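Below: one structure, written as structure tokens.
Read-outs: derived from the displayed coordinates by stated rules, not from any lab. Just so it is clear, the model here is predicted, and its values are computed rather than measured. Cβ sites come from the backbone with ideal geometry, for glycine too, and all protein chains shown count toward neighbours.
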Amino acid sequence: MIETLLMMKTRRRRISTYAGLFVLAAIAISGARVAQPASIGSQTVEQPKRHWYEIGRASWYGGSFQGHPTASGENYNMTDLTCAHRSLPLGTLVRVTNLVNHKSVVVRVNDRGPMLASRVIDLSYAAAHFLAVNGTAKVRLEILRDATTLAEMQYPSTGDGAQPADR
């Protein structure tokens with residue numbers, strides 16, 4: 001009788017072990033298929049990538065900080081297109097769009113801030129002037145992930161294959 005009970009326990013363990021391995025294999029296989037790009041015929045369709053953006057109030061800082069060191073170690077220059085952000089890595093390029101007049105500018109994160117919790121970014125004087133920000137403005141921030149995006153902004157595609165003139 002005891003031998004029969006032990007055999008049943010061993011059998012249950014073996015079955016549950018196989019069932020567990022089967023479930024893990026099914027999860028691994030289905031996960032691998034999800035991670036691969038979809039293909040249609042001979043073309044591979046890339047999955048859309050997540051796009052980071054942030055909407056909030058922007059302010060600017062100018063003359064009283066001129067020449068003072070920033071978090072990146074460089075001295076603040078109010079005529080450069082730079083900004084301060086709380087969490088984006090220093091050196092990140094960010095497109096800032098004024099949501100009232102739809103003007104946009106690309107700035108580089110070189111400092112930490114803003115100090116007020118109601119603000120999402122502090123712009124240099126030059127960036128604020130370019131966006132026509134008087135005091136504060138509602139803005140949208142977008143990270144520029146690659147150099148191609150920046151190049152397209154500097155040299156828009158004309159569609160006729162023409163290359164930008166050498167400067």
For this session: Just subtract the alpha-carbon distance of residue 100 and residue 4 from 0.36 nm times their residue separation and send over the number in nm, one decimal.
Result: 26.6 nm
Exercise. Calculated FRET efficiency, residue 92 and residue 116, Cβ-Cβ r, R0 22 Å, to nearest 0.05?
Worked result: 0.60
Problem set entry | Which of 78, 115 has the fewest Cβ neighbours within 10 Å, and the rest in rising order | 115, 78
